[in-house]
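Here's the structure, in structure tokens; my notes come after.
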Amino acid sequence: MPKRYRAIFISDLHLGTKRAQARALLDFLRSSDSDHLYLVGDVVDIWALRRKWFWTQDHNDVIKKPLRKARSGTRVIYVPGNHDEYCRDFCNHRFGNLEAALDAVHVTATGKRYLVLHGDKFDHVVSVAPWIAKLGDTAYELAMDLNLLVTRFRRWLGLPYWSLSAYLKQRVKRVVEFICTYETAVVGMRGIGRARA
């Protein structure tokens, strides 16, 4: 019998990529049930699918499972992210017990209210220069492929696991944070100059 929850939150599935953990997610969805199921962005990686088509039966099954749950009475809320941003055109629409929204408010059993949205709204690169985000995504996909080679080589040498892609992602995030901090500082200085003038 499935384990029952009030709410389940799932994000960043990236269906349409080889790294999607579709089978593991299917196992989880089959063994659980909930009143609310939040799909919080990047469910389907449209960016990756536009570069190269990759779609398995497991990916189909993952899409079907929340639809079946919605037909069975689960309230399914889909909040698109940056990788499935094209689905934002369907926001503020209901499809039976499935609704698409830019964001949602989840109320807990104790009455606390939580804003549910995808993190891309707070990503400076995604909001200001989406082309950089897409370029970065392509580079990340290459890094993931390289990561497989590095992992195999390290395993052959008897070395512990180390993620090249995580290392590169962290370095890029630091550079982006530096640029954003620099831009904020420049804007602040420009305001100071005006105040003195």
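Key figures for this structure:
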{"item": "Residues TRP162, TRP47 arranged by fewest to most Cβ contacts within 10 Å", "result": "TRP162, TRP47"}
{"item": "Members of LYS65/LYS112; LYS18/LYS169; LYS69/LYS121; LYS64/LYS112; LYS69/LYS169; LYS3/LYS121 lying beyond 26 Å, as alpha-carbon distances in this model show", "result": "LYS65/LYS112; LYS69/LYS121; LYS64/LYS112; LYS69/LYS169; LYS3/LYS121"}
{"item": "Sorted by Cβ density within 10 Å, fewest first, the residues MET1, MET144", "result": "MET1, MET144"}
{"item": "Residues with amide H under 5 Å from that of ILE8, placed H, sequence gap 5 or more", "result": "HIS36, LEU37, TYR38"}
{"item": "Antiparallel DSSP beta bridges within the stretch 3-119, as percent of all bridges there, nearest 5", "result": "30"}
{"item": "Neighbour-count order for VAL107, VAL40, VAL150, fewest beta carbons within 10 angstrom listed first", "result": "VAL107, VAL150, VAL40"}
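Rule-based calculations on the coordinates, nothing more; no lab input. Because the structure is predicted, anything quoted here is derived from the model rather than measured. Glycine gets a Cβ as well: all are built from the backbone with ideal geometry, and neighbour counts include every protein chain shown.
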